[in-house]
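**Q** I have a structure here, written as structure tokens, and I will follow up with some questions on it.
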Amino acid sequence: MSILVGHPRAPSSPQGNLEELTMPPELHSRPRLAPGCRLGENSQQRVLLMPERALRLNGPSLEIVERCDGQHTVEQIVRELQKIYSQAAPQKVEQDILGYLALLEERRALDFEL
């Protein structure tokens with residue numbers, strides 16, 4: 001069972017072939033919200049506002065996006081969430097976070113600095 005909730009919509013690319021898949025982010029990279037993306041509130045719920053769409057955030061997805069400030073490395077985000085979600089297998093938490101960050105990057109909601 002995944003610990004993440006609230007996945008963005010699929011991109012509007014013509015075909016979802018394997019060459020278009022985004023590679024998982026490197027642990028030493030520093031994610032930050034892409035230009036035009038920001039955290040906001042909608043009916044007392046946190047949302048990630050992206051051009052032409054919004055993504056409801058709660059639980060782990062909110063915790064991840066709040067740390068995408070260009071200061072935290074991916075590894076720091078993983079370690080912090082492994083502590084918060086200590087009941088889950090650490091490797092599963094890491095896989096879920098890396099997958100979610102890659103998905104947000106694919107949707108152009110995140111940029112990564114090395």
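**Q** Count, please, the residues in segment 57-66 that happen to be buried (at least 18 other Cβ atoms within 10 Å of the Cβ) and touching a residue at least 24 places away in the same chain (Cβ under 8 Å).
**A** 5
**Q** For segment 101-108, does any single residue satisfy the condition of being of a type outside the set (F, W, Y), outside any loop (DSSP other than H, G, I, E, B) and over 20 Å from R46 (Cα atoms)?
**A** Yes, that holds for at least one residue.
**Q** Testing S61 on (1) hydroxyl-bearing (S, T, Y); (2) over 11 Å from the mean Cα position of the chain (by Cα); (3) modelled with pLDDT of 95 or more, one condition comes back false. Which one is that?
**A** Evaluating S61 over (1) hydroxyl-bearing (S, T, Y); (2) over 11 Å from the mean Cα position of the chain (by Cα); (3) modelled with pLDDT of 95 or more leaves (2) as the failure.
**Q** Hey, another quick one. Which of the residues belonging to segment 74-102 are surrounded by fewer than 19 Cβ atoms within 10 Å (Cβ to Cβ) and either touching a residue at least 24 places away in the same chain (Cβ under 8 Å) or among the β-branched types (V, I, T) (or both)?
**A** Residues satisfying the conditions are E75, I84, Y85, A88, K92, L98, G99, A102.
Rundown of residues vs (1) hydrophobic (A, V, I, L, M, F, W, C); (2) within 17 Å of A109 (Cα to Cα); (3) at pLDDT 90 or above, yes/no style:
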| residue | (1), (2), (3) |
| --- | --- |
| S12 | no, yes, no |
| R30 | no, yes, yes |
| C37 | yes, yes, yes |
| L48 | yes, yes, yes |
| E66 | no, yes, yes |
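**Q** Here are the criteria: (1) within 11 Å of the chain's Cα centre (by Cα); (2) among the aromatic types (F, W, Y); (3) at pLDDT below 95. Tell me which single one Y100 does not satisfy.
**A** In the conditions (1) within 11 Å of the chain's Cα centre (by Cα); (2) among the aromatic types (F, W, Y); (3) at pLDDT below 95, Y100 misses (3) alone.
**Q** Restricting the search to segment 19-63, which residues are of a type in the set (S, T, N, Q) and in a loop (DSSP other than H, G, I, E, B)?
**A** T22, S29, S43, Q44, N58
The values are calculated or read from the model by the stated rules, or taken from the named source; none is laboratory data. Since the structure is predicted, the reported quantities are computational estimates derived from the model, not experimental observations. Cβ coordinates were reconstructed from backbone atoms using ideal geometry, including for glycine residues, and neighbour counts include every protein chain displayed.
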